[in-house]
1. With a point put 7 Å past each Cα toward its Cβ, work out how far residue 264 is from residue 222 in nm, to one decimal.
2. Over every pair of different alpha-carbon atoms in the range 130-288, take the mean of 1/r and invert it; report that Kirkwood radius in Å.
3. Compare 160, 59, 120 in a GNM of the chain, Cα atoms joined below 10 Å, and give the one with the largest fluctuation.
4. Could you put 71, 95 in order, starting from the residue whose Cβ has the fewest other Cβ atoms within 10 Å?
5. How about the range 180-260: which trypsin sites (Lys or Arg not before Pro) there lie in a loop by DSSP and see at most 10 other Cβ atoms within 10 Å?
6. Helix-derived [θ] at 222 nm for the chain: sum -39500 (n - 2.57) over DSSP H runs of at least 4, divide by residue count, nearest 500?
7. What is the magnitude of the charge dipole of the range 5-301 about its Cα centre, with +1 placed on the Cβ of each Lys and Arg, -1 on the Cβ of each Asp and Glu, and no other charges, expressed in debye to the nearest 20?
8. When the Debye formula is applied to the Cα atoms of the range 5-301, each taken as the same point scatterer, what base-10 log of I(q)/I(0) results at q = 0.13, 0.16 Å⁻¹?
Amino acid sequence: MSIPLVTHPAYSFPFPGRHRFPMEKFGLLNECLTEQGILTANNTFRPGSARAAVLHNAHCPDYIERFSQNSQSKQEVRRMGLPWSEGLKKRTLISPNGTLLTAHLALSNGIACHLAGGTHHAHYDFASGFCIINDLAVTANTLLAQGKVNKLLIFDCDVHQGDGTAAILAHEPRAVTCSIHCEKNFPARKARSDYDIGLAPNTTDDEYLEVVSNTLAQLVKSEQPDLVIYDAGVDIFSQDPLGLLQVSESGIRERERLVLTMCRANNIPVATVIGGGYDDDRKALAKRHALVVEQAHHLWCA
């Protein structure tokens, strides 16, 4: 068996070199996994642009139109944190469909990995923190509307709280949101997830891994989800400029092993997205993002 991997060449496009958001990391992640023989022509799935009706499952139609037409206010663009371009528009409209496709593939195969996604700061009617469309909320609401699942868990381990996801899904009890994040990090004003675990700055491997393991074990038992959407943000890394935690690379690898092993042991399909990571060493960052895919490959294909 090979793991279904979802990606698109449009995910990395020409982008200001000094910008904090590492747009080139998606292409570098593809290269890294191709070199390892994990990403091949036989297990690559390429999503198309999402239909407006799918995006409207989680977002205000007028907001989607304003973004698509580049007619947002200066304040909205500033909050988005990214310079608008046709390239940004193209990738933004494809990526949520990538996570939705990944979830469908996971339901069929037990595991699937999106080599992008995790834009969890996007709210119903505004962008925030480099996030424009919330692929997690779009996927959750679409799967529920399609009757593909009765309940799902969004297990968000990005260093920043998934405030947009929590807000959009606040009144949908079938979509359980859990965020394990650094409490003193962005966003300053937190939303209320179903489960929030705010960690102190400088939390290290052992404490972090214990929290992740215990929390997921509790949720698997209490919520019994039909699917886990796992946001495997690597901005928990000790040297990440936007992180504030002190988790090592081996700690990230162990987190991926723990999460995926627990899902597999409980026969819960799992769809992974890469989430945040902002290291100025882009190749090292891509290798860090590759860890979740490597662990999935080892567990399902070894």
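1. Distance between label points: 2.7 nm.
2. One decimal place: 15.7 Å for the Kirkwood radius.
3. 59
4. By the 10 Å Cβ count, ascending, the order reads 71, 95.
5. Passing sites in the range 180-260 are 189.
6. Per the formula, -13500 deg cm²/dmol.
7. 740
8. Normalising to I(0) and taking log10 leaves -0.82, -1.35.
Read-outs: derived from the displayed coordinates by stated rules, not from any lab. Everything numeric in this text was worked out from a predicted model, so none of it was measured. Ideal geometry is used to build each Cβ from the backbone, glycine not excepted, and the neighbour counts take in all protein chains shown.
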